[in-house]
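J.: Following this message is one structure expressed as structure tokens.
The values are calculated or read from the model by the stated rules, or taken from the named source; none is laboratory data. Keep in mind the model is a prediction, meaning the values are calculated, not measured. Counting neighbours? That spans all protein chains shown, and the Cβs are built from the backbone with ideal geometry, glycine included. Surface areas here come from the heavy atoms of the whole protein model, side chains and all, with no ligands, DNA or RNA. Shrake-Rupley method; radii C 1.70, N 1.55, O 1.52, S 1.80 Å.
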Amino acid sequence: MKLRILGCDGGIGRGLRTTSMLVDDDVLIDAGSGVGDLTLDEMANIRHIFLTHSHLDHVAFLPLLVDSIFERIEQPIVIHGLPATIQALREHVFNWAIWPDFAKLPVVNKPVMKYQEHPAGDICEVGGRRFESIPMNHIVPTVGYRVESAAGMSFAFTGDTTTNDTFWEAVNAYPRLDLLLLEVAFSNEYEDLSNSARHYCSKTVAADLAKLKLDPQIYLTHHKPEENSRILEELEQLVPDRVIKQLKNNKSFSL
Ligand SMILES: [Zn+2]
Ligand SMILES: [Zn+2]
């Protein structure tokens with residue numbers, strides 16, 4: 001299983017991209033502005049998109065993606081998400097006012113995309129890979145994902161969240177985790193803001209990392225612009241027993 005990071009920033013600006021990652025050639029997790037770096041051929045290969053939640057930094061390029069490739073698509077791209085996430089897309093994005101309803105276009109019986117709702121905790125198999133959604137603690141209904149390859153290697157992605165037990169229990173339920181992609185939006189200076197927006201800051205993520213019983217590679221994602229070096233410095237102090245690195249756009253993993 002290949003994993004390519006398209007976007008891992010908590011904002012935009014030159015060189016910055018919001019959350020999206022490509023699993024092998026055919027599955028996206030989230031569709032933030034990182035999607036814009038894919039070629040048309042790469043976009044046309046995408047068959048499934050698993051969304052963590054409805055926030056704009058995770059779905060912003062979904063409308064533009066389907067519009068860019070609708071002529072090339074034989075079968076609808078399947079948009080997977082919580083019922084609340086799908087409902088938000090229907091009501092607030094693909095509502096003809098913000099963007100046309102591509103679940104009915106170019107023609108109703110052969111649309112470019114279709115929705116598949118999953119309750120949190122669902123496991124969805126796609127081409128031998130297993131996508132398990134995990135309920136998280138964010139300001140809107142949100143899931144993280146644990147993804148396992150046919151060969152038994154795995155990564156987990158928190159999506160957006162603050163302190164929780166659900167994610168850590170879900171990943172600890174398996175004997176193996178190779179890679180952990182962990183959101184930390186803010187340094188401790190913004191602890192109050194991180195709590196009210198229900199994101200991790202350094203202090204809260206350090207406390208939750210104590211719940212992890214496995215030893216994956218750990219990479220941080222979703223930091224606000226200019227916060228990454230401060231978060232890393234704080235975590236070096238708070239979690240000295242783990243090696244924690246900053247995720248970078250266009251980084252690839254083989255799992
Ligand atoms: Zn969010
Ligand atoms: Zn976000």
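J.: Report the extension gain between D165 and D41 in nm, rounded to one decimal, defined as 0.36 nm multiplied by the number of residues separating them, less their alpha carbon distance.
T.: 40.7 nm
J.: Note down the accessible area of H223, probe 1.4 Å, to the nearest 10 Å².
T.: The accessible area of H223 comes to roughly 20 Å².
J.: Please get the size of the charge dipole for the chain, origin at its Cα centre, with Cβ charges of +1 on Lys and Arg and -1 on Asp and Glu, quoted in debye to the nearest 20.
T.: Computed about the Cα centre, the dipole is about 360 debye.
J.: Could you identify which residue out of T52, T85, T18 has the top mean-square fluctuation in a GNM of the chain using Cα springs shorter than 10 Å?
T.: So, out of T52, T85, T18, the one fluctuating most is T85.
J.: Right, here's the next one. Whole-Hz Karplus ³J(HN,Hα) for the range 178-184, in order, using 6.51 cos²θ - 1.76 cosθ + 1.60 and θ = phi - 60°, x for Gly and Pro?
T.: Ordered by residue, 3J(HN,Hα) equals 8, 8, 10, 9, 10, 6, 9 Hz.
J.: Work out from phi, with θ = phi - 60° and the Karplus expression 6.51 cos²θ - 1.76 cosθ + 1.60, the ³J(HN,Hα) of each residue of the range 57-64, listed in order in whole Hz, and give x for Gly and Pro.
T.: 5, 10, 10, 4, 9, 4, x, 6
J.: Calculate, for R130 and R14, the FRET efficiency according to 1/(1 + (r/R0)^6) with r their C-beta to C-beta distance and R0 45 Å; round to the nearest 0.05.
T.: 0.75
J.: Karplus couplings for the range 124-138 from phi (6.51 cos²θ - 1.76 cosθ + 1.60, θ = phi - 60°), rounded to Hz, Gly and Pro as x?
T.: 10, 8, 10, x, x, 9, 10, 9, 9, 8, 10, x, 10, 10, 10
J.: How large is the helix-only mean residue ellipticity at 222 nm for the chain, computed as the sum of -39500 (n - 2.57) over DSSP H runs with n ≥ 4, divided by its residue count, in deg cm²/dmol to the nearest 500?
T.: Result for the chain, helices only: -6000 deg cm²/dmol.
J.: Please report, in Å, the Rg and the Dmax of the range 120-247, where both are computed over Cα atoms only.
T.: Reported Rg and Dmax, both Å: 14.2, 44.
J.: Between 0 and 90 degrees, rounded to the nearest ten: what's the tilt of helix 228-238 against the longest Cα principal axis of the chain?
T.: The answer is roughly 40 degrees.
J.: Counting only pairs 8 or more residues apart or on different chains, how many lysine pairs in the chain have their Cα atoms under 15 Å apart?
T.: Lysine pairs, 8 or more places apart or on different chains, close enough: 4.
J.: Filter the trypsin sites (Lys or Arg not before Pro) in the range 186-233 to those in DSSP coil with at most 12 other Cβ atoms within 10 Å of their Cβ, and list the result.
T.: In loop regions of the range 186-233 (DSSP not H, G, I, E or B), the sparsely surrounded trypsin sites (Lys or Arg not before Pro) are K213.
J.: Please compute the per residue accessible area over the chain with all protein chains in place, 1.4 Å probe, rounded to a whole number of Å².
T.: Dividing the accessible area of the chain by its residue count gives 44 Å².
J.: Further question on the same structure: Can you give me the Cα centroid spacing of the range 111-125 and the range 62-108 in angstrom?
T.: Between the Cα centre of the range 111-125 and that of the range 62-108, the gap is 13 Å.
J.: Please report, as a whole percent, how much of the solvent-accessible surface of the chain comes from carbon and sulfur atoms (probe radius 1.4 Å).
T.: After summing per-atom areas, the C and S share lands at 51 percent.
J.: Run through the DSSP bridge list for the range 120-247 and note the antiparallel percent, rounded to the nearest 5.
T.: That works out to approximately 55 percent antiparallel.
J.: I want to check the label-to-label distance for K211 and S252. Put each point 7 Å from Cα in the C-beta direction and report it in nm to one decimal.
T.: 3.4 nm
J.: For A84 and K104, what does the FRET efficiency come to when R0 = 25 Å and r is the distance between their Cβ atoms, rounded to the nearest 0.05?
T.: 0.75
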